[in-house]
Each structure stands twice: as structure tokens, then as C-alpha cells.
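The values are calculated or read from the model by the stated rules, or taken from the named source; none is laboratory data. These numbers were taken from a predicted model, which means no experiment stands behind them. Quick reminder, even Gly has a Cβ in these numbers, built from the backbone with ideal geometry, and neighbours come from all protein chains shown. Remember, those area values only see protein heavy atoms, side chains included, never the ligands or the DNA or RNA. Shrake-Rupley method; radii C 1.70, N 1.55, O 1.52, S 1.80 Å.
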Number of protein chains: 4
Amino acid sequence: MRAVLLLSCREQKGIVATVADFIYRHDGNIVDADEHTDFENNLFLQRIEWDMEGFRVPRDAVADAFRPIAERFAMSWVLRFSDDVPRMAIFVSKLDHCLHDLLWRQRAGELRAEVPFVLSNHEELRPVASSFGIPFHVHRFTPETKAEEEQRILARLTEERVDLVVLARYMQVLGSAVVDAWRSRVINIHHSFLPAFAGGRPYHQAYARGVKVVGATAHYVTEQLDEGPIIEQDVIRVSHRDSVEDMVRKGRDLERVVLARAVRLHLRHRVLVYGSRTVVFE
Amino acid sequence: MRAVLLLSCREQKGIVATVADFIYRHDGNIVDADEHTDFENNLFLQRIEWDMEGFRVPRDAVADAFRPIAERFAMSWVLRFSDDVPRMAIFVSKLDHCLHDLLWRQRAGELRAEVPFVLSNHEELRPVASSFGIPFHVHRFTPETKAEEEQRILARLTEERVDLVVLARYMQVLGSAVVDAWRSRVINIHHSFLPAFAGGRPYHQAYARGVKVVGATAHYVTEQLDEGPIIEQDVIRVSHRDSVEDMVRKGRDLERVVLARAVRLHLRHRVLVYGSRTVVFE
Amino acid sequence: MRAVLLLSCREQKGIVATVADFIYRHDGNIVDADEHTDFENNLFLQRIEWDMEGFRVPRDAVADAFRPIAERFAMSWVLRFSDDVPRMAIFVSKLDHCLHDLLWRQRAGELRAEVPFVLSNHEELRPVASSFGIPFHVHRFTPETKAEEEQRILARLTEERVDLVVLARYMQVLGSAVVDAWRSRVINIHHSFLPAFAGGRPYHQAYARGVKVVGATAHYVTEQLDEGPIIEQDVIRVSHRDSVEDMVRKGRDLERVVLARAVRLHLRHRVLVYGSRTVVFE
Amino acid sequence: MRAVLLLSCREQKGIVATVADFIYRHDGNIVDADEHTDFENNLFLQRIEWDMEGFRVPRDAVADAFRPIAERFAMSWVLRFSDDVPRMAIFVSKLDHCLHDLLWRQRAGELRAEVPFVLSNHEELRPVASSFGIPFHVHRFTPETKAEEEQRILARLTEERVDLVVLARYMQVLGSAVVDAWRSRVINIHHSFLPAFAGGRPYHQAYARGVKVVGATAHYVTEQLDEGPIIEQDVIRVSHRDSVEDMVRKGRDLERVVLARAVRLHLRHRVLVYGSRTVVFE
């Protein structure tokens, strides 16, 4: 089993030494460490991972043991253990490529997570979830019933002890109640290289503009549609020969890979959000 | 010597056969042909290149011989010969990377063009032009004298029989007199993947937004700043480790390559503009 | 319905004109045409596609009508119609990522083909085939029984009227009887950028060599293992942080995409083999 | 001014803590740290950079102060300071693109190095060196005089206090006397994605094999031609339309960028060689 500490605080001397000493002093062996200093904002961010084998603080006491250091440097921090398997809910509408891909990767062991359920505002993708043995819940709503239905969705997330929500081409805008409660824990895939072509029908926009590359962007969801912190982006070349349908097809391959990379990074505790940006410790 | 015909017209039967027959009937040998049909706009576009060796119409009579076909199909068309060497003027301000690169490529034979002069609103890059033996002209202006000075620039372009103007990080917006007279003959490099980050300081915008790729776009200049038809785009990955200065540095490599590819395509008569888009016959 | 003509012959005057005239004369409308001249080998290759709507030669008579032209220019040629749906058999062993991906794409309409069966030397992937409703046949053999079993495989291919065989991580070398009979109709995916790391365990080879990119290659199968004509290749960056297992994981994404692109190109009659190379009319 | 420590040793507990404590104890502020553990070889590698401003050990005493730690963990290590400007000699033959690019980048401030001279076995590129104000030395030799001439080259390198030799398309194989004396300090650019197409005329080999990507590789020079540890690689797509000359042209862009990235990484002390591989702390 391994422990991972993700932390950020004001840049100051001695952080690296103090954290490393904490681990060494208790006979831990650091297996991965990465850090970043944002000099513009005077901010220090670090990810450090160590082997719990032989560590002289029991798993349940590590947080308490570390707390004095965190307080001394006024850190924001989270501590995770590799034997915690995060629970990831997947929200979809009618398109199956991202859902299919995530479930295949989860089964193949690429994404270390349990999937307690798939949620949708439509029935269409129930067979996909079923073929992987995953429960499928439909939450339909109208503009009038949305607020109320989202409370039911929130209740389900809590009840099922969900850690991460993945919007795998879910064609609904989450209300502020969900966004607030789940900040930095909802990942969306947008089918353009943001900030270009935010909003609806990005491939149509891209076609009309005559661009020579199209992209996909995985980001955390915030109040501002398509403006949340970006985790991962990638692009693919297109030409005048590509119709909108060709862009949609090529884009599917991108969306699958970009979303999967972002989800994997999050699940491995490799992403730290600060302000409107992310640090990705790859 | 080879001839190149670039044409577009309403989609209709018999265009390919008629054009191919015109060449074959006069003993020409087609060495390259490419076409595109835009079914949405009912438009046919073609590039066809043939060897003039043994062609039974003399070079100066080809246009007249072809005109009846062009009229029958109501084509827009241009005819070029490979022994015409286009004349390319390069406009710059203070940044030397694109200028240096274009002049190196021209000398290396990658860009088949003569460079009659480099034009700038500053003195700084005179030594670069000089080291390649190219005349360097400074045209400075204030907002008040801009219209007048641009007339002098237009006169110089005419006098020097310029065919193509390349804005190699020229930090001035061309006035409508120049844009109108030089439509589809002025190529600009913008240091972002348009339409993202149009306008000023795109790398600063990209940094603030926290994107994971930055790009560059070569396009023809139109009245709308950064909205002209795109010829070529490419991107490069960045991470949280990249400061604005790192993005500027990485971007320089992109800008050089993207601009050079676009210029080369234009000089080889491989780009056709239609509406706000381009067809690139690679 | 559309017709596609793929042809190659010795470079000579009049081919383009004669073929285009054949289509025009019978009231066909060319919707796509591309060609390539290999001047080194004095070879001309063309793909031309036209709308059969209104074409004055009935579908079954087109080949006979075209034959005199083919004979005049001594062409190698094939004629295909878009309402023929090719039949594609998929051969696998124990790894499911390529199989899963091909079947998903087939069902999503990206690959226009029927899949009459999946064939394997192991039982493991039967459930994947079943979940897509595809028959699954196991053909096991030892070195001693291989020749005999391959005759049974050949018989099955014939009986099921298969047009294309895709080796989707099939860990057996095809014998010469199969290779001979199915030349340019068997596509394999090799998990390296050939010719680097041919043979077994390419990711282990890549790790040992310390390369900074790994790749995948889709190619037609010939007698020489991993030396057949390449249809498509792509690469992905790796670093010292990537273990062999990470390369395997990253490579899976590549293999899926590279194989799918090659299969799609083949199914759309866009690949012509000549010598040890391919022309891909994209 | 900053200090950089590059170290490697057997993996063991306490290295990170001890090194960080060394810096913290003397009031240094760590500005960048990266590490890698190769579990297969039980090897730990680290790069750590700190601000010397306020560091309580004077620059000239840092190595002595650190030595006991290095000895305790049996480290291989080097210590560099950012006010040391490395001296980089560039070896060329007749092709100018890499030379031109390196000199442009050095002048633009991208490569923090002095260039005491350019060395060649031919006269051709003297004007390029001159246009940047760099001395140009010709060392010609025959097979018979090679050993002797290489002694003169070695003497020049020593005399000019050269730190790094860059083979920027130098078409000579260095003798073992040079290779031995300059291990991990000579960077070569090879115009293929090694290990594919090692040896001569790689673009011709790539064309003959019909690959769909070509590449370039920057590596340290060892006795085995084209087998040294790889620092950086990249590729670009090609198609059947690309002749060998097109590959050469496209490849030039790759070679320039790949070589420049490798040289920049080396100059910033971001590359550690171990065995036949490199760790690149980007």
C-alpha cells in the first residue's frame, strides 16, 4: 500500500525538507515526488508518494501525525491511500462512445475505480451499462422539475458514496447546487480545444470556421459553462475533405482518449486545481 | 516547365473529362491532379498540373485556348507556369524568428520565390535582411499618417511587381485599402490556434486560461482581424511548468513552421479560397 | 449507389482523359478522384468514384464496358460498388482491446462491413464476440497440425465469403498457404513503428533501447514477418517515467486507432499496394 | 544565481530528506526538484535546483559541504551553477540547417552557451559561422591521418575549454579516442527515429520501406554508431506523395527542433545518462 499527499501553500523555505523528513523519520520510503512553484502567485504545490510498508505510523494515524506540519505551513492538503478504490459515477445521454470506452478501461484495469452506477436522462444506453454489469438509473426532468430532480441526484451520489462524477457526453448543464457541492470532483469532456468553440455544436462551428485541427478538452465543471480548469487537451488534423460528420467521427477518438487520460490522472491523485488552472503531476 | 490550372465552378457533369481532354488533345501529360466537391455549397474545385514539354499549345496561347472551356462552365480560374518565379515581400516589426526562417528557406530552395525587399515599421531587423542580401525599407507612420503611408506601401508593391505579401510578425493592422487590393495575397501568422485567443498577447491569454496546448495559425488577411481563411495550423503541448516566456519560446518554433508551410503551399499554387475557408491541395 | 475504380498501369498520356470521358460519356458524375504518379517506377495509380444515379450503363455491365479501356492501357484494376458490403473476419488470441474496438466501430457505423465471425486459437474472447452477437470459432493447432488446421481456416473463409481478414493481435504466424491465397487482403497490427522493433515483445525492446516515442503499424501480411506494405502508422511520446506496462497501456490506444484507420481505408477502397509500398488515397 | 545538483545512487531510504535538509539547513530555497526511481535496477536519480541568494555556504564551498552526503549514499553527482556559461563547439560538414538554427537560437537567448568555434571537415559553411561572428576551423583528414587529426581536435577542445560538442550533421564517425574522452558530452542528430534506419541515407531507407512517418533522434555518441543513449525524438507524417527529397525537406524541420531541444536540455543540466538510457527532467 502507498500513501499520496497532495498539498499547496504559500511558497516558503523548508517545505520540501520538512515533508521529506516527516516521511523519512517514520521509516517511509518515497517512491515518487513532484512539485511546482508558481512564482507569479507565490504558491508552492507538491505531490509526494511513499510506501507504507514499514512506515511506523499506522494508516489511520497518518493524517493526525501530519497535521502539525500542515498547520505550520498553512497548507491545503489531502491524503490518500492506494487501497482506497474511488467510486466513480458516469453520467451520459445518448452517445455511447465515451461510456463504452470508460467501462472497457475500468474492466481492463486502466482506471482504478469502482463504478456504482451509470446515470442518464435517457433510456438508450441501458444495454451498454448492462453488458458491463453496471446498474443504470434514469433521472429525467423538465426545466420546472430540474432543481428538484437534481436534489435526488445529489442524494444518490451521497448514498452511493461516490467520489468522482464523469460527464461522458451528458447533454445537460448541471445546476449550481450540484456544481457547488461537487467542485473539482466533476469532470466533463467538451468536443473542442477550448476556449475555441465553447457551447453547442462545436464541430459545426469548427467546420464553418475552416480550421485545420479539431480538439477535445477534459475539464472540471464550474458555474461558467466550458470555463472550468482544464485537465487535458488534444487535437487531430482535419482538412477540407472532412465533412462535419467526418469531424464528429475523428473527434470521437479524441474525446475517448482525452477523457480517459483526465479521469486516470484524477483517480491517481495527480491533479491539483488552483484558481482557474490545474497542475498535472504526470 | 509545367502548367498549373486552379479552378472552381458550380458542380456539374463533365468538368473533369473536359479539362483532362483539353490537356490530352494537345499532347499534354498530366502529372498531378486533385479535386474537391463541396456538396453543401454545390461547388467544384480542382487543381491540375501538366508537363508543357511537347504540349502543342505555346505557353502564351494556353489561356486563350482554355478560355472557351472556362466560359462554358462559368469557372473562376488562374493559370500559372512553373518558370514564373513569384515575388514575395516580407513585412516585419521587431521579432526576427519568422523573417530569419523565411529567408533561410528561400536561400535553401524550399520556397521558390524572389524576395525583392523586406519592409518594416522599425529599423531593428535591417541587419537580418542585409545578411541575406535583401533590401530593407522602413515605412513608419502614426495613426494620422497611416492612410497616406499605406498608399506609399501600395505603390512600392506595384512598382516591385510583388505577387505575395507575408506578414512575418508585422505588428500593424493593414488598412482596408491594402486589404481590398491584396485579397487572398497577404498571409499572416497569428500565434494561437484560432479562433482561440484572437487579438493581442495570445500566449498571455493561453497562460491565464491554463490550456494544455498552444498553437499557431497562418491565414489570409481580411478586414476582420484574425478571421481570414485559414491555410495551416498546428499545436504543441504545454504544461503548468511552462511560463508565458516558455510558451513564447515554444511558439516561435511553431510559428516558423506553420508560416513556412502556408507560404510554400501558396507559392506552389495549392491553395484555393472559397468563402471563409480554404481548400489545400497537398 | 456509387462506383469506385482503383487502377494502376504504366505512366502514359491520356489515361485521366480517357477514364473521365468513359464516365462522362455515360452520364456519370465524378464525386471523388485522386491519382498518383510514381516517376521513379514510371507507374500511374488512380482512384475514381462516381455516382451511379443516372449512369447509362447498368451496374452489372460496367466492368465489361470498361474492359476495353483497361486493356488498351494494360491496367491492373478493380471495380467496386458502394452497395456491396464487404465481409470482414477478425482473428484474435487473448487480448481484447482491438477486437472490442473494431466491433464497437462496426456497430457504430464507422466500418462499413459485416463481421461473419471472430476466429481465435483460444477461448478467452468468446464473451466479447457474444456481447456483440458475433459467432466465435476456435481453431487450435500445434506445430504438427498447423498446416492441416489452416486448410480448415481457408475453407471457412471461402464458405463464409470473407473479403478481408483482420489480425487484431492474433499471436500466430500465418502459414504460406494462407498468405499466398489472401495477399493484400489480410491486415495485421504490429505494436511498434516498424521497421523498428519487429518481432516479439516490441514494448520490451523499446523500453530497453530507451526510445522517447513508441508506435504502432498496420500493414498487409506477407511471407516476411512484419515486412508487408504499411497502410498506417502513428506514435505516442513516452519518457523515462513509463515502465513497460505503461508503454503497453499507451500502446493499446495507438493500436486501436491505427488498426481502425487502416481497416476503414481498406474497406473504402482507398489503398493500392505496389511493390512493398502502399498508396493511400485519403 | 542558482545551483543545480544532479545525482544518482542505489535506491535507499532518506535520500530526498537528507538532500532537502542540506539545502534548508543552509537557508537555501528549493525552486525545482524532480526525481526518478528505476525499481528494476534499484536506482534513484534526482535533479534539485535552489536559489543561492541567502544560501549560507559560499559558492566555492558547496561541493565540499555536500561531499559527506554524497559519500554516505555512494552517489554519482555533479554540481552546476547558473552563472557558469557552458562552452559549446559545433561540428558540421556541408549541410547548414542545424548550424544556422543553433546559432540563431544561441543569439536569441534560447541556448545559454558560448560558442567558441565551429569545426568542419569542409570549407562550405564558413560564411554561416562568419555571419554570426563565430570562428570557423577546418580539420580535414584521410583515413590515414584521422587518428592524428583527431588528436589535434582533442587538443583544441581542451584549449578552448569546451564543455559540450554538438554534431550538427557532421558526416564523420568520431574515433574512439574522442568518444572515450567525451562520453555523455557529444550530442549527435540522426535523421531517423532510431533504432529504425540507423546508418547511412535513412530517408532513402524510409522511402524504400514505405513508412508513413519519418523521424529524427538526438543522442549521446558512443562507440556503437547510432546506438548511444537517446535524449529526444520526434516524428512527422509522410505519404506516398512524398519523394525522398520531400522527406529530406520535412526532416530538416524535425532535425533542427529535435537537436535544439536536446542541446537545451543538456545545457540546463536536465539529462542524466544511465546505462544505455537517459532520464530527462523536463
Response to the item:
If you go through B:Val78, B:Val57, B:Val62, the only one that is within 23 Å of A:Gly210 (Cα to Cα), more than 14 Å from chain C (Cβ to nearest Cβ) and modelled with pLDDT of 95 or more is B:Val78
Worksheet item: List pairs: first in region D:199-212 and without any contact (Cβ under 8 Å) to a residue 24 or more places away in the chain, second of a type in the set (Asp, Glu) and part of a loop (DSSP other than H, G, I, E, B), Cβ under 6 Å, 6+ apart or cross-chain?
Response: none
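Going residue by residue through region B:52-69, is there one that turns out to be within 24 Å of the chain's Cα centre (by Cα) and under 21 Å from C:Gln12 (Cα atoms)? Talk me through it step by step, then tell me what you get.
Looking only at region B:52-69, we keep the residues that are within 24 Å of the chain's Cα centre (by Cα), and these are B:63.
From the residues that got through so far, the ones that are under 21 Å from C:Gln12 (Cα atoms) too are none.
The answer is no; no qualifying residue exists.
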Fill in: From the options C:Val16, C:Val31, residue that is facing chain B (nearest Cβ under 9 Å) and in a strand (DSSP E or B)
C:Val31
Item to complete: Identify all residues within region A:183-213 that are farther than 25 Å from A:Ile90 by Cα and within 23 Å of the chain's Cα centre (by Cα); write none if there are none.
Response: A:Ala196
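Looking only at region A:24-42, count how many residues are of a type in the set (Ser, Thr, Tyr) and touching a residue at least 12 places away in the same chain (Cβ under 8 Å). First the steps, then the outcome.
Going residue by residue through region A:24-42, those that are of a type in the set (Ser, Thr, Tyr) are A:24, A:37.
Add one more test, that the residue is touching a residue at least 12 places away in the same chain (Cβ under 8 Å), and what stays is A:37.
Going through region A:24-42 one residue at a time, the tally reaches 1.
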Worksheet, complete the sentence: (1) more than 29 Å from C:Arg252 (Cβ to Cβ); (2) in contact with a helix residue (DSSP H, G or I) (Cβ under 8 Å, 6 or more places away or on another chain) all hold for A:Ala206 apart from (1)
Response to the item:
A careful count of residues in region D:140-174 that are farther than 21 Å from D:Lys94 by Cβ and without any contact (Cβ under 8 Å) to a residue 12 or more places away in the chain gives 5
Worksheet item: On the given criteria, is D:Arg156 more than 14 Å from every other protein chain (Cβ to nearest Cβ), among the basic types (Lys, Arg), under 30 Å from C:Ala206 (Cα atoms) and surrounded by fewer than 22 Cβ atoms within 10 Å (Cβ to Cβ)?
Response: no
Practice prompt. Given the conditions (1) open to solvent by 50 Å² or more (accessible area, probe 1.4 Å); (2) among the hydrophobic types (A, V, I, L, M, F, W, C); (3) outside any loop (DSSP other than H, G, I, E, B), report the number of the one that B:Met171 does not fulfil.
Written response: (3)
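What about A:Gly175, is it under 26 Å from B:Gly275 (Cβ atoms) and away from chain B (no Cβ under 14 Å)?
Working: under 26 Å from B:Gly275 (Cβ atoms): no; away from chain B (no Cβ under 14 Å): yes.
So A:Gly175 does not fit the description; no.
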Practice prompt. Go through the residues of region B:111-122 one by one and say whether even a single one is at pLDDT 95 or above and part of a helix (DSSP H, G or I).
Written response: no
Worksheet item: Taking region B:80-100 as the region of interest, how many residues are under 17 Å from the mean Cα position of the chain (by Cα) and outside any loop (DSSP other than H, G, I, E, B)?
Response: 9
Fill in: Members of region B:24-48 found to be open to solvent by 40 Å² or more (accessible area, probe 1.4 Å) and over 27 Å from the mean Cα position of the chain (by Cα), listed by number
B:Tyr24, B:Arg25, B:Asp27
Fill in: Scope region D:252-267; condition more than 21 Å from A:Glu282 (Cα to Cα), more than 9 Å from every other protein chain (Cβ to nearest Cβ), open to solvent by less than 10 Å² (accessible area, probe 1.4 Å) and aliphatic (A, V, I, L, M); matching residues
D:Val258, D:Leu259, D:Val263
Worksheet entry | Lone unmet requirement of (1) touching a Phe, Trp or Tyr at 6+ places or on another chain (Cβ under 7 Å); (2) outside any strand (DSSP E or B); (3) under 29 Å from A:Tyr274 (Cβ atoms) for A:Ala63 | (1)
Discussion item. Quick check on this structure: which one of C:Asp51, C:Asp64, C:Asp21 is free of Cβ contacts under 8 Å to residues at least 12 places away in the same chain, surrounded by 15 or more Cβ atoms within 10 Å (Cβ to Cβ) and more than 30 Å from C:Leu254 (Cα to Cα)?
Written reply: C:Asp21
Practice prompt. Determine if region D:46-54 includes at least one residue that is assigned to a loop (DSSP other than H, G, I, E, B) and either of a type in the set (Val, Ile, Thr) or on the phi > 0 side of the Ramachandran plot (or both).
Written response: yes
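Inspect region C:141-150 for any residue being touching a strand residue (DSSP E or B) at 6+ places or on another chain (Cβ under 7 Å) and either farther than 30 Å from D:Lys212 by Cα or within 14 Å of another protein chain (Cβ to nearest Cβ) (or both) and give the result as yes or no. Before the answer, list the steps.
Residues of region C:141-150 that are touching a strand residue (DSSP E or B) at 6+ places or on another chain (Cβ under 7 Å), as a first pass: none.
For region C:141-150, residues touching a strand residue (DSSP E or B) at 6+ places or on another chain (Cβ under 7 Å) and either farther than 30 Å from D:Lys212 by Cα or within 14 Å of another protein chain (Cβ to nearest Cβ) (or both): absent.
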Practice prompt. Read through the list (1) open to solvent by less than 20 Å² (accessible area, probe 1.4 Å); (2) under 18 Å from the mean Cα position of the chain (by Cα), then give the number of the only condition that C:Glu150 fails.
Written response: (2)
Discussion item. What's the total number of residues in region A:182-237 that are facing chain B (nearest Cβ under 9 Å), assigned to a strand (DSSP E or B), of a type in the set (A, V, I, L, M) and open to solvent by 10 Å² or more (accessible area, probe 1.4 Å)?
Written reply: 1
Discussion item. Testing D:Glu227 on (1) at pLDDT 95 or above; (2) under 30 Å from D:Val273 (Cβ atoms); (3) of a type outside the set (Gly, Ala, Ser), one condition comes back false. Which one is that?
Written reply: (1)
Response to the item:
Scanning region C:110-129 residue by residue, those open to solvent by 70 Å² or more (accessible area, probe 1.4 Å) and within 15 Å of C:Asp96 (Cα to Cα) turn out to be C:Glu123, C:Glu124, C:Arg126, C:Pro127
Worksheet item: If you check A:Arg107 against the conditions, is it outside any strand (DSSP E or B), surrounded by fewer than 17 Cβ atoms within 10 Å (Cβ to Cβ), under 17 Å from the mean Cα position of the chain (by Cα) and of a type in the set (D, E, K, R)?
Response: no
Fill in: Of all residues in region B:73-103 being out of contact with any strand residue (DSSP E or B) (no Cβ under 7 Å at 6 or more places or on another chain) and in contact (Cβ under 8 Å) with a residue 24 or more places away in the chain, the one that is most open to solvent (accessible area, probe 1.4 Å)
B:Lys94
Practice prompt. Mind telling me which of the residues C:Arg270, C:Arg277, C:Arg249 ends up being within 7 Å of another protein chain (Cβ to nearest Cβ), farther than 28 Å from B:Ile236 by Cβ and surrounded by fewer than 22 Cβ atoms within 10 Å (Cβ to Cβ)?
Written response: C:Arg277
